[in-house]
């Protein structure tokens, strides 16, 4: 009689474990790419259960050299949120899915895309997601180095500035050895990043203005780059409202 009871109890336990996914779990496969569609390797992907079940709350995997990942052990037919995670940067990328039935694997229909990521320490845009490298770095002298274009920048006075004042400030700028000049409108356009920071530019550029002076157009006007919308235009040189000045130079000076 005891043996029958023990066998019945064991069978009941198997049924319970099976119902909870204890016998077989499900898995998910996917791929992680950057904003240019290139695979992102060596980045952790976490799968967090929307309604946590003990023992199935969160799992993780690291992307391969091709950016692919496979996360095992998920609770079958349950909602999970997948997110990339790094101790160096943060991003808004996430994918919500229902895990596969017991013993099966769900495949993401398209890659997870990290359009933008920002350094946790500086708030700057990250260019190398695997290494956590940032595009802009700021020296102790306030020189902002752009690893993407090879340019260096200095932000001018945070006040309304007309073109003559801008030229005068740049000519007298001796920060980090000098050699500064007025930027071209194309160089200013390279700083424009829609939705980044408070002025559509990297937080390293600290200003309350919305426009920055570029090169001259003619004797009475000059190019002015508006970071509010990124559409360049020329204005009278006497204008100063919400307009600032940045100085620029090539990197690797000695």
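Below are the figures for this structure:
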quantity	calculated
Dimensionless Rg/Rh of the chain - Kirkwood Rh, Rg from C-alpha atoms	1.24
Fewest-first ranking of 194, 83, 120, using other Cβ atoms within 10 Å as the exposure measure	194, 120, 83
Relative contact order %, the chain, counting alpha carbon pairs below 8 Å whose residues are six or more apart	15 percent
Pairs of Cα atoms farther than 19 Å apart, region 24-114, %	33 percent
Region 135-250 - percent relative contact order, Cα under 8 Å, separation 6 or more	34 percent
Which of 134, 90, 208 has the fewest Cβ neighbours within 10 Å, and the rest in rising order	208, 90, 134
Cα Rg, Dmax (largest Cα-Cα span) when computed across region 176-254, Å	12.8, 37
Mean-position separation - Cα centroids, region 188-219 and region 84-111, in angstrom	35 Å
Tilt relative to the chain, helix 2-19 - C-alpha long axis, 0 to 90 degrees, to 10	20 degrees
Relative contact order (%) - criterion: Cα under 8 Å, at least six apart; region: region 183-254	29 percent
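Any read-out appearing in this document is the output of simple, stated calculations on the displayed coordinates, not a laboratory observation. Here the structure is a predicted model, which means the values were calculated and not measured. Using ideal geometry, Cβ is built from the backbone for each residue, glycine included, and neighbour counts are taken over all protein chains shown.
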